[in-house]
1. Which condition from (1) closer than 21 Å to LEU54 by Cα; (2) open to solvent by 70 Å² or more (accessible area, probe 1.4 Å); (3) among the β-branched types (Val, Ile, Thr) is the one that THR2 breaks?
2. So for region 19-40 (the condition being over 20 Å from GLU102 (Cα atoms) and outside any helix (DSSP H, G or I)), does at least one residue qualify?
3. Can you name the residue in region 53-92 that is of a type in the set (Ser, Thr, Tyr) and open to solvent by 30 Å² or more (accessible area, probe 1.4 Å) and is also farthest from HIS116 (Cα to Cα) among such residues?
4. Among GLU102, GLU95, GLU111, which is the only one that is open to solvent by 40 Å² or more (accessible area, probe 1.4 Å) and either in contact with a strand residue (DSSP E or B) (Cβ under 6 Å, 6 or more places away or on another chain) or outside any helix (DSSP H, G or I) (or both)?
Amino acid sequence: MTPADLLAAAREIQERPTAATAGVWPRAAALLARQALEAALDGLWEANSATTGLAQCTGRSQLACLPTYLDARTARQIAYVWAALSEACHYHAYELAPTAAELTGWFQAVEDLLAHLTHAEIG
């Protein structure tokens, strides 16, 4: 699946929860959105032979490298959204799942970042 397909699936889960996804849809949607962002980062790294190996690194390692290859503002946005979605993916008995409004904001941020990463070139 492409990053856009993953993000569309996340929006679908959010907009049309079913009985089968009751109680788990917020975290499932957050996971799909995070996977979309990670897939876009993989595409960014693999587009250049000098950075191909970064796609095999952990998410945090990739985020640490981003300011070297992208502008600082975009790198911070990607790191923030990735961290927020990662936190939303994990179940803790003492925390509520993310709200639909939070998910909508993160989805929009991921969509904007996907557009930016599609046009980004690293040299």
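The values are calculated or read from the model by the stated rules, or taken from the named source; none is laboratory data. Given the structure is predicted, the values throughout are model-derived calculations rather than measurements. Quick reminder, even Gly has a Cβ in these numbers, built from the backbone with ideal geometry, and neighbours come from all protein chains shown. Note: accessible area is taken over every heavy atom of the protein model, side chains too, but ligands, DNA and RNA are not part of it. Shrake-Rupley method; radii C 1.70, N 1.55, O 1.52, S 1.80 Å.
1. (2)
2. no
3. TYR91
4. GLU95
Yes/no per residue for (1) out of contact with any Gly (no Cβ under 6 Å at 6 or more places or on another chain); (2) modelled with pLDDT under 95; (3) closer than 19 Å to ALA36 by Cβ:
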position	(1), (2), (3)
ASP71	yes, yes, no
ALA79	yes, no, yes
ALA84	yes, no, yes
CYS89	yes, yes, yes
HIS92	yes, yes, no
GLU95	yes, yes, no
ALA100	yes, yes, yes
PHE107	yes, no, yes
HIS116	yes, yes, yes
